[in-house]
Amino acid sequence: MASTASTAAVADGLGEILSQSVHARLFPAHLEPVPELNELYELELAFYESQVLSDHEIIRNGAYFARVGDILTRHFLMCSGEPVRLPQYSSSRLRSFFQTKQFKTGYATHGLFPYRGKFHPQMIKGLINVMGLKPGETVVDPMMGSGTVLIEACLMGVRSIGIDASPFCRFMAQAKLDGLRVPLAPIRAALKHAESVFTYFTGLAGHPRPGSKARFEDYVGDLFSGAPASEPGQRRSPPEGRLPKGCDDALTHNFLLLAYLDSAGYSERSTRRPPYEQFRAVLERYVFVADKIQRILAGTEKELGDAQALEGDARKLPIEDSSVEGIIFSPPYSFAIDYLDNDSFHLGFLGVDLSRLRQSMIGLRGRTLREKFELYKADMNQVLSECARVLRPGRVCTIVVGTNNNQLSKILDVPPEEVRGIEEVLTQLGGHHALHLVRKMGRQITGMANTMRNEFILMLQRA
Ligand SMILES: C[S@@+](CC[C@H](N)C(=O)[O-])C[C@H]1O[C@@H](n2cnc3c(N)ncnc32)[C@H](O)[C@@H]1O
């Protein structure tokens, strides 16, 4: 008898347990998470956001919530394409948007240019929040790549400084930031006269060779050498073709040039479309993206954070001691991506001496893989020492890093179970510089499973 009664009690309790979603247990009822909140690290970041942000801050800067009470968050509106300033309403279009998947990457200018190994913008927004960064404070990305941290910080009203050894990254990050405020009339005119604009850029920077996968040695570009990214390049020869009126100010020119380089990169890799058609299609997307994000941000431009994209070396940061409130970066990983090889086409256009640049690129120095790994550790030790120097005490440096222990086991000639992953190496190096691990989260890598197995988010706090 007794056992039947307790079975019934368990069955009753079970119904109650199963009827409540994990979301309902984690978050207060008035916070509605975005759909597609599936990965554990995302749930964790969403949970921390709900703990450290006020309702007002979640509406303004939260990464993982769609609604606070009746109010839709900026992140939701930005992803759905609705202006953030207008009175909010709940149209069926917005409701159906809840079903789609654009919350992670498909907003602002993040989607421009297919830079390999770039961050998930939504994750960066979440990290900026849980690291306690507030509008007006400064976050640094000492290896900014395509500038994801800078764009996200800018949208959140947080100041940012990004540094990269590659002049092409500086150019790309700046042009993507410029997309948030590039004048729209000239770029629309450029799209209307795309053929002439294409001819202009082929004259300025060279014609792509479809399917050639050309390497740097094939180009003898002297374009932009030494010129800051905010200035239009010196012309190699007077281009034919013409830019429409208003397109030769630095902002517009460089935005269009990024679209050209993006399309030329595609054309070099594939012959699916002739180069001009490829350029037109890419430019159309660039104009669409700039137009959309500026419509969304209309009236809130003053709330954007200042961003500086610089060329430099993460081992010697041009930043004062104890002056910044947060650092986020993802180091290159020598065995996965050769960034110089990948970008050789674009770096060639910019007139960069690749063999010299290779000397300052972390992960690429050294001849054998073993030697590369040793130099990588020495370089990362310097980077972490610089991070500790510029970060204010008590604040957080977050590193997002992938590792593949099977590969490391072969390189180091030790059994896989004895290999220390890159994340452990960096955690230990951080500890030598008073950067102590406070949180470690794991993340599955979907796109690069062959070379990278696991990715980690390491949050190190400055003592
Ligand atoms: C994993 S990528 C960063 C991608 C970036 N998180 C994004 O969202 O696009 C690593 C970057 O480190 C840069 N890098 C390599 N060596 C460097 C150095 N010594 N100083 C600064 N940046 C460096 C590479 O050019 C590359 O862009």
(message) Looking at (1) over 22 Å from Ile128 (Cβ atoms); (2) loosely packed, with under 14 Cβ neighbours inside 10 Å, which one does Gly442 not meet, given that it meets all the others?
(response) (1)
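Give, as residue ranges, the helices (runs of 4 or more DSSP H) completely inside the stretch 332-433 that count at least 2 residues that are at pLDDT below 85 and more than 10 Å from the ligand (Cβ to nearest atom). Quick ask: steps written out before the conclusion?
Values: elements: 339-342, 344-349, 354-360, 369-390, 405-412, 422-432.
So the answer is 344-349, 354-360, 405-412.
Filter the stretch 345-355 down to the residues that are crowded, with 21+ Cβ neighbours inside 10 Å and either more than 28 Å from Ser270 (Cα to Cα) or in contact with an Asp or Glu (Cβ under 6 Å, 6 or more places away or on another chain) (or both) and list them by number.
The initial filter retains those residues of the stretch 345-355 that are crowded, with 21+ Cβ neighbours inside 10 Å, namely 345-350, 352.
Correct list: Phe345 only.
Select from the stretch 142-170 the residues that are outside any loop (DSSP other than H, G, I, E, B) and within 11 Å of the ligand (Cβ to nearest atom) and list them in ascending order. Working first, answer last.
Keep residues of the stretch 142-170 that are outside any loop (DSSP other than H, G, I, E, B), which gives 148-156, 159-164, 167-170.
Within the stretch 142-170, Thr148, Val149, Leu150, Ile151, Glu152, Gly162, Ile163, Asp164, Pro167, Phe168, Cys169, Arg170 meet the criteria.
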(request) Please find, within the stretch 330-341, the residue that is surrounded by the fewest Cβ atoms within 10 Å (Cβ to Cβ) out of those that are touching a residue at least 40 places away in the same chain (Cβ under 8 Å) and over 16 Å from Arg170 (Cβ atoms). (result) Asp341
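Kindly state which helices (runs of 4 or more DSSP H) lie completely within the stretch 1-75 and contain at least 2 residues that are of a type in the set (A, V, I, L, M, F, W, C), open to solvent by 60 Å² or more (accessible area, probe 1.4 Å) and modelled with pLDDT under 85. Talk me through it step by step, then tell me what you get.
Working: elements: 2-19, 22-26, 40-52, 55-61.
Hits in the stretch 1-75: 2-19.
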(request) State yes or no: is Phe113 modelled with pLDDT under 95, in a loop (DSSP other than H, G, I, E, B), in contact with a strand residue (DSSP E or B) (Cβ under 8 Å, 6 or more places away or on another chain) and within 13 Å of the ligand (Cβ to nearest atom)? (result) no
(request) Go through the stretch 120-141 residue by residue and tally those that are within 13 Å of the ligand (Cβ to nearest atom), outside any helix (DSSP H, G or I) and surrounded by 24 or more Cβ atoms within 10 Å (Cβ to Cβ). (result) 3
(request) Enumerate the pairs (first residue in the stretch 356-374 and basic (Lys, Arg); second residue anywhere and assigned to a loop (DSSP other than H, G, I, E, B) and more than 9 Å from the ligand (Cβ to nearest atom)) with beta-carbon separation below 6 Å, excluding pairs fewer than 6 apart on the same chain, so at least 6 apart or on different chains. (result) Lys372/Ser334; Lys372/Gly366
(request) Show the residue pairs that are 6+ apart or on different chains and have beta-carbon atoms under 8 Å apart, the first residue being within the stretch 184-198 and open to solvent by 40 Å² or more (accessible area, probe 1.4 Å), the second being of a type in the set (A, V, I, L, M) and in a helix (DSSP H, G or I). (result) Arg188/Val287
(message) Checking the condition closer than 15 Å to Ala173 by Cα, open to solvent by 30 Å² or more (accessible area, probe 1.4 Å), outside any loop (DSSP other than H, G, I, E, B) and away from the ligand (no atom under 16 Å from the Cβ), which residue from Leu310, Leu256, Leu251 passes?
(response) Leu251
(request) Evaluate the stretch 317-329: report whether one residue or more is within 16 Å of the ligand (Cβ to nearest atom), open to solvent by less than 50 Å² (accessible area, probe 1.4 Å) and part of a loop (DSSP other than H, G, I, E, B). (result) yes
(request) Starting from the stretch 119-148, take each residue that is at positive phi and list its partners that are part of a helix (DSSP H, G or I) and open to solvent by less than 10 Å² (accessible area, probe 1.4 Å), counting only C-beta distances under 6 angstrom and pairs at least six apart or across chains. (result) Gly145/Cys169; Gly147/Ala173; Gly147/Lys176
(request) Residue by residue through the stretch 356-384, note down the ones that are more than 16 Å from Gly421 (Cα to Cα) and open to solvent by less than 40 Å² (accessible area, probe 1.4 Å). (result) Leu357, Ser360, Met361, Ile362, Leu364, Gly366, Asp379, Val383, Leu384
(message) Looking at (1) in contact with a helix residue (DSSP H, G or I) (Cβ under 9 Å, 6 or more places away or on another chain); (2) open to solvent by less than 50 Å² (accessible area, probe 1.4 Å), which one does Glu423 not meet, given that it meets all the others?
(response) (1)
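Tally time: how many residues in the stretch 259-293 are open to solvent by less than 50 Å² (accessible area, probe 1.4 Å) and closer than 22 Å to Leu184 by Cα?
Qualifying residue count, the stretch 259-293: 17.
The values are calculated or read from the model by the stated rules, or taken from the named source; none is laboratory data. Since this is a predicted model, take the numbers as computed values, not measurements. Neighbour counts are summed over all protein chains in view; Cβ atoms, including those assigned to glycine, are modelled from backbone coordinates with ideal geometry. Side chains included, ligands, DNA and RNA excluded: accessible areas come from the protein's heavy atoms. Shrake-Rupley method; radii C 1.70, N 1.55, O 1.52, S 1.80 Å.
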